[in-house]
Amino acid sequence: MTLVVKVGGAVGNALDPVLDELAPRSDYVLVHGGSKEVDRLGEALGRPSEYYTSPSGVVSRRSDAAHLEVVVLALAGEVQTAIVAGLARRHRRAVGLSGVDGGLLVARRKEGARAVVDGRTVRLADDLSGTVERVDVGLLRLLLDAGVAPVVGPPAVTEEGEVVNVDADRVAARVASALGATDLVLLTNVAGLLRDPTDPGSRVDRVARADVDSILSLAQGRMRKKVLAAREALEGGVRRVVIAPSGVPGPVSAALRGGGTVFE
Ligand code: ADP
């Protein structure tokens, strides 16, 4: 079984229980986000993150050139190094790869990123974000075969060699599909997809493939990206996707036992 685990980077995520569980294994790719570190570093550099809402209701960070520098420093630098070091402390060799390294994640730049501002739709001309179109599985397999854990995160690279920001949940979905993974676990700072985001007890336990589109209306804000990622992974051949909390003991096995929102 090849497993893809994505650990969230927003406040409230726990990394140690994830690394404790994954370090003894060698059959996974670990994908990471890092919004907390991006925010922290952006503030420290005087470049606070700005957000926009797309016409379809997806909330994204603005990715202009100045922000992309922060993303590279925070994700490909700080977060990835911390995860690789955390695995090293647990005696697992790991290699951190941004999507640019070895052409791992090839993306298409979004030409027409649009935001709703004061009720009007405007085009974001300076946007440097993209959508992953191709994953170099050969590079990942090389590492997996050598017992080295691949730790993968944004940004990605275009065919022309331009660096673009990509969403880590969608990266995880594309990596899982490309590897032929059986399971994708998206660990986050909430119990799963909630009917009422303010009520942790309102989790949706199971979503059948056929119902993913109808459940999308429940998922607003940043949860929407995870449901879109779940749909993308199922469409790409992944058998099961679980959105589950990172801050519980044994978060990966808990998720695989159904402790989250299971899409299958
Ligand atoms: P991470 O970095 O852990 O991946 P995100 O901030 O990207 O986390 O996404 C999780 C967040 O999505 C939650 O903390 C919550 O604020 C928000 N959210 C919005 N709608 C929902 C929903 N229906 N169910 C759960 N979380 C939701």
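The values are calculated or read from the model by the stated rules, or taken from the named source; none is laboratory data. Remember, it's a predicted structure, so these values are computed and weren't measured experimentally. Counting neighbours? That spans all protein chains shown, and the Cβs are built from the backbone with ideal geometry, glycine included. Just the protein is used for accessible areas: all its heavy atoms, side chains included, with ligands, DNA and RNA removed. Shrake-Rupley method; radii C 1.70, N 1.55, O 1.52, S 1.80 Å.
A few comments on the model shown:
- Single residue of the stretch 218-243 satisfying the filter (at pLDDT below 95 and over 22 Å from LEU15 (Cβ atoms)) that is most open to solvent (accessible area, probe 1.4 Å): GLN220
- Note on the stretch 161-184: residues that are within 28 Å of SER202 (Cα to Cα), open to solvent by 20 Å² or more (accessible area, probe 1.4 Å) and either basic (Lys, Arg) or touching a His at 6+ places or on another chain (Cβ under 8 Å) (or both) total 1.
- Any hit, the stretch 219-226, residues being at positive phi, part of a loop (DSSP other than H, G, I, E, B) and within 15 Å of the ligand (Cβ to nearest atom): yes
- Which numbered condition SER35 fails, given (1) touching a residue at least 40 places away in the same chain (Cβ under 8 Å); (2) closer than 22 Å to ALA244 by Cα: (1)
- Options ALA146, ALA107, ALA181; residue that is at pLDDT 95 or above, of a type outside the set (Lys, Arg) and within 19 Å of VAL7 (Cα to Cα): ALA181
- Count of the stretch 193-217 residues which are touching a Lys or Arg at 6+ places or on another chain (Cβ under 9 Å), part of a loop (DSSP other than H, G, I, E, B) and either open to solvent by 50 Å² or more (accessible area, probe 1.4 Å) or more than 7 Å from the ligand (Cβ to nearest atom) (or both): 3
- Scan the stretch 152-188 for residues that are more than 15 Å from VAL137 (Cα to Cα), away from the ligand (no atom under 12 Å from the Cβ) and of a type in the set (Lys, Arg) and the total you get is 0.
- Looking across the stretch 161-173, just one residue is assigned to a strand (DSSP E or B) and over 15 Å from GLY103 (Cβ atoms), and that is ASN165.
- Filter pass, GLY130 being in contact (Cβ under 8 Å) with a residue 24 or more places away in the chain and more than 16 Å from the ligand (Cβ to nearest atom): yes
- Any hit, the stretch 35-44, residues being away from the ligand (no atom under 12 Å from the Cβ) and outside any helix (DSSP H, G or I): no
- Extreme residue, most open to solvent (accessible area, probe 1.4 Å), among residues of the stretch 6-27 that are more than 10 Å from the ligand (Cβ to nearest atom), under 28 Å from VAL70 (Cα atoms) and in contact with a helix residue (DSSP H, G or I) (Cβ under 6 Å, 6 or more places away or on another chain): PRO17
- Unmet criterion (only one of (1) exposed (fewer than 14 other Cβ atoms within 10 Å of the Cβ); (2) part of a strand (DSSP E or B)) for LEU187: (1)
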